[in-house]
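Working notes for the structure below.
The values are calculated or read from the model by the stated rules, or taken from the named source; none is laboratory data. Quantities reported herein were computed from a predicted structural model and do not represent experimental measurements. Every residue, glycine as well, gets a Cβ built from its backbone with ideal geometry; the counts of neighbours run over all protein chains shown. These area figures cover heavy atoms from the full protein model, side chains too; ligands, DNA and RNA do not enter into them. Shrake-Rupley method; radii C 1.70, N 1.55, O 1.52, S 1.80 Å.
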Amino acid sequence: MPDREALGELANGVDQQVGLSIKNRRQQRGVTQQELARALGISYQQVQKYENGTNRISAGRLYILAKALNITVGDFFSEIDQPFSSKSLAVTSEDVVLTAKELNAVRDPRVRNSIRALVRILGSDNDPFY
C-alpha cells in the first residue's frame with residue numbers, strides 16, 4: 001500500500017488532470033468561464049481555481065458541472081490514465097469563443113462573410129498588409 005505522501009501526490013495529480021479536463025470540455029463546448037460560473041452559482045475565479053487544480057472540486061459540484069456541460073462525470077476522468085504527451089490540448093481559447101459568439105450575433109451574412117475573409121487574410125502567411 002502506498003504511503004500517505006504518495007497518496008497525497010496522486011490525489012493532487014488527479015485534481016490537476018480533472019481541472020484540465022474541465023477546461024478542455026468547457027472550451028470544446030464554447031462556454032466561457034463566466035457562463036459556467038453563472039450556471040454553477042459561483043464566481044469565475046472559482047472556475048479558474050478548479051481548472052488549474054488549485055481548489056478541489058466536490059463530487060456534488062462535479063456532477064452539476066457535468067450536467068451544465070451536457071457530459072458525464074466520467075468524461076472528466078477519461079484522460080487521467082493517458083501519458084501527458086498523448087493528451088490533446090484544447091485548440092480553442094477564451095478569445096476564440098467570445099469572437100465566435102460576437103460573429104454569430106452579426107445578422108447580415110454578407111458582413112459575416114466579409115469578417116471571416118478579413119480574419120483569413122490576417123491569419124495567412126501571405127498577409128498583404130505586411
Quiz item: Are any residues in the stretch 12-63 within 30 Å of N104 (Cβ to Cβ), polar (S, T, N, Q) and assigned to a helix (DSSP H, G or I), and if so, which ones?
Solution: S21, N24, Q27, Q28, Q33, Q34, Q45, Q46, Q48
Quiz item: Restricting attention to the stretch 50-60, which residues are open to solvent by 70 Å² or more (accessible area, probe 1.4 Å) and either over 23 Å from V96 (Cβ atoms) or free of Cβ contacts under 8 Å to residues at least 12 places away in the same chain (or both)?
Solution: T54, R56, A59
Quiz prompt | Residues located in the stretch 97-130, provided they are modelled with pLDDT of 80 or more, over 23 Å from the mean Cα position of the chain (by Cα) and not aliphatic (A, V, I, L, M) | solution = R107, D108, P109, R110, R112, N113, S114, R116
Exercise. Test S21 against the stated conditions and say whether it is of a type in the set (S, T, Y), surrounded by 15 or more Cβ atoms within 10 Å (Cβ to Cβ) and under 18 Å from R61 (Cβ atoms).
Key: yes
